[in-house]
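Q: Have a look at the structure that comes next, please.
The values are calculated or read from the model by the stated rules, or taken from the named source; none is laboratory data. From a predicted model like this one, the values you see are computed outputs, not experimental measurements. FYI the Cβ positions are ideal-geometry reconstructions off the backbone, even for glycines, and counts take in every protein chain you see. Only protein heavy atoms, including side chains, enter the accessible area calculation; ligands, DNA and RNA are left aside. Shrake-Rupley method; radii C 1.70, N 1.55, O 1.52, S 1.80 Å.
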Amino acid sequence: MNRNLLFSLLAWAALPVGAQQLLTLDSCRAMALRNNKQLSVSRVKQEVAANLRKSARTKYLPHVSALGGYEWTSKEVSILNDDQKSALSNLGTNLTGAIGQNIQQGMGNMPPGLWKVLGDMGFTPEAIQQHIGSGLSQFGGLLNAGGQRVVNAFRTDTRNMFAGAVMLTQPVFMGGAIIAMNKMADLGEKMAANSTEAKRQLTLYQIDQAYWQVVSLKHKQKLAQSYLDVVKKLDSDVQKMIHEGVATRSEGLSVSVKVNEAEMALTQVNDGLVLSKMLLCQLCGIPMNEQVTLADEDKDELTTVALTPQVDVAVAADNRPELRQLQNIVDMSRQLTNILKAGNLPQVALTGGYMISNPNVFNGFERKFAGMWNVGILVRIPVWNWGDVAYKVRASKGATTIANLELQDVREKIELQVNQSVFRVNEANKKLEMAKSSTQKADENLRVANLGFREGVISATTVMEAQTAWLQAQSQKIDAEIDVKLSQVNLQKAMGTLQ
């Protein structure tokens, strides 16, 4: 039972070490590019810009829209006024009344002899009037009905109106606004791509810095641990010498202080290493408490390739996405000026469609749906706007000038950055050579000091000085190796060739 428990405890203690993730620089870069939030935002912005470009292309094409509506009104539109309606509705009554009066006047003016003849024939005045009145009454009724039909025919019945239309509009000339807008959309897509490239290079730059920072601190941790071991060994030897009476207590205290300093330095390096690994994990998009091991942190000596870079500002100007972004801004500002200029130019468009309504007026006023086709041309010519467009054009040209000045300023700064990066690479190579030479001398100096201390001809103070010089030389060598790596990364970023 105790043996099983011990085995379980040992396996649990060894689990974190076995679960550590081994990371190379390339794998860190790949994870950072895959998990970086800002880079993901830039990719989405690229998709947005591509969709806006596609949207701008549709402005060249005809657009079709459909309209429909219903309206109720408390009154209807009337073509005839009330007097005209009354006259038409009573047309037979008014006409037969006038005819009847004329007949009565004519009968009153007839000669008596004619009435005698008519009387002999059986036509009395009362009978004649009765027959004439009956006929006029029938005739008047027919005329009244006909007049009412005319009134009804002129009724619009527009209290309930339905209308609809399908319209097609084809731009012909919009003053160059559509062309400029499409060029702006193209530039917007390029600008989004340049922004993504800039953030990609910045992500790689940050991950390289974090990676080599961890490697540097890991090497310094080993150096601090070995220095602590050396100082502790010296402290042990001095304590023995004090016990034998061949060394003073003051020398022992000096060595003890060095031991404390070495322990403090090791603690600081350990804390810095933990924080640097947390930063690296955050940049890679993995949990910050993930146990990771870097492929270069256990190497005794980092592989460095001395470069002899040449200053090539033209290559940097072509490759730097920041410059391309600023150039995109300048070009977009110019296209915006063209769009504003279009406000003072005529605009021409073709129109066509089909209109339908109920009631309709194509066959009188009918209570049913009917429509018609239509084709036309629309021309808009600006006449006077109090200089509004001109002022906007001047403001846009001013913005273009500002963008050009900013582009030139950044170009000059990039030129300076390239020169500084080249100088730093050369300087880092020289420092590495000197650091290697200093390390060899410090190793020899420490060997001689230890040998002399063991022979009793060199004091502990001299040995501590040799150990301090050795520590400084080793630390400078680590810094020089890392500086060579980072200076090359800085140069690639300055040249826009960081891949």
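Q: Could you check the range 19-42 and list, in sequence order, the residues that are surrounded by fewer than 15 Cβ atoms within 10 Å (Cβ to Cβ) and touching a residue at least 60 places away in the same chain (Cβ under 8 Å)?
A: The answer is Ala19, Gln20, Gln21, Leu22, Thr24, Arg34, Gln38.
Q: Of the numbered conditions (1) of a type outside the set (Gly, Ala, Ser); (2) open to solvent by 40 Å² or more (accessible area, probe 1.4 Å); (3) over 30 Å from Gly68 (Cβ atoms); (4) modelled with pLDDT of 85 or more, Met241 fails exactly one; give the number of that condition.
A: Every listed condition holds for Met241 apart from (4).
Q: Name the pairs whose Cβ atoms lie under 7 Å apart, with the first residue in the range 142-158 and on the phi < 0 side of the Ramachandran plot, the second β-branched (Val, Ile, Thr) and assigned to a helix (DSSP H, G or I), and 6 or more positions between them or separate chains?
A: Asn144/Thr93
Q: Could you check the range 446-499 and list, in sequence order, the residues that are of a type in the set (Lys, Arg) and touching a residue at least 12 places away in the same chain (Cβ under 8 Å)?
A: Passing the criteria: Lys477, Lys485, Lys493.
Q: Within 16 Å of Arg454 (Cα to Cα), assigned to a loop (DSSP other than H, G, I, E, B), in contact (Cβ under 8 Å) with a residue 40 or more places away in the chain and not acidic (Asp, Glu): does that describe Val238?
A: No, not satisfied.
Q: Still on this structure, please answer the following. Does Ala494 count as under 34 Å from the mean Cα position of the chain (by Cα) and surrounded by fewer than 20 Cβ atoms within 10 Å (Cβ to Cβ)?
A: no
Q: Check the range 207-227 and report whether any residue there is open to solvent by 50 Å² or more (accessible area, probe 1.4 Å) and among the hydrophobic types (A, V, I, L, M, F, W, C).
A: no
Q: Being in contact with a helix residue (DSSP H, G or I) (Cβ under 9 Å, 6 or more places away or on another chain), within 30 Å of Glu415 (Cα to Cα), of a type in the set (Val, Ile, Thr) and touching a residue at least 24 places away in the same chain (Cβ under 8 Å), is that true of even one residue in the range 284-300?
A: No: zero hits.
Q: Among the residues of the range 317-331, write down those that are open to solvent by less than 60 Å² (accessible area, probe 1.4 Å) and out of contact with any Gly (no Cβ under 6 Å at 6 or more places or on another chain).
A: Ala317, Pro321, Glu322, Leu323, Gln325, Leu326, Asn328, Val330, Asp331
Q: Limited to the range 255-303, what total is found for residues that are assigned to a loop (DSSP other than H, G, I, E, B), hydroxyl-bearing (Ser, Thr, Tyr) and in contact with a strand residue (DSSP E or B) (Cβ under 9 Å, 6 or more places away or on another chain)?
A: The number of residues fulfilling the criteria is 0.
Q: What are the residues in the range 392-419 that are in contact (Cβ under 8 Å) with a residue 60 or more places away in the chain and of a type outside the set (D, E, K, R), if any?
A: Ser396, Ala399, Thr400, Ala403, Asn404, Leu407, Val410, Ile414, Gln417, Val418, Asn419
Q: Would you be able to tell me the number of residues in the range 439-486 that are exposed (fewer than 15 other Cβ atoms within 10 Å of the Cβ) and basic (Lys, Arg)?
A: 3
Q: Still on this structure: Keeping to the range 388-438, report how many residues are β-branched (Val, Ile, Thr) and surrounded by fewer than 14 Cβ atoms within 10 Å (Cβ to Cβ).
A: The number of residues fulfilling the criteria is 2.
Q: Tell me, please, whether a residue that is of a type in the set (A, V, I, L, M), within 30 Å of Thr461 (Cα to Cα), open to solvent by less than 80 Å² (accessible area, probe 1.4 Å) and in a helix (DSSP H, G or I) can be found in the range 332-341.
A: Looking for residues that are of a type in the set (A, V, I, L, M), within 30 Å of Thr461 (Cα to Cα), open to solvent by less than 80 Å² (accessible area, probe 1.4 Å) and in a helix (DSSP H, G or I), one finds none in the range 332-341, hence no.
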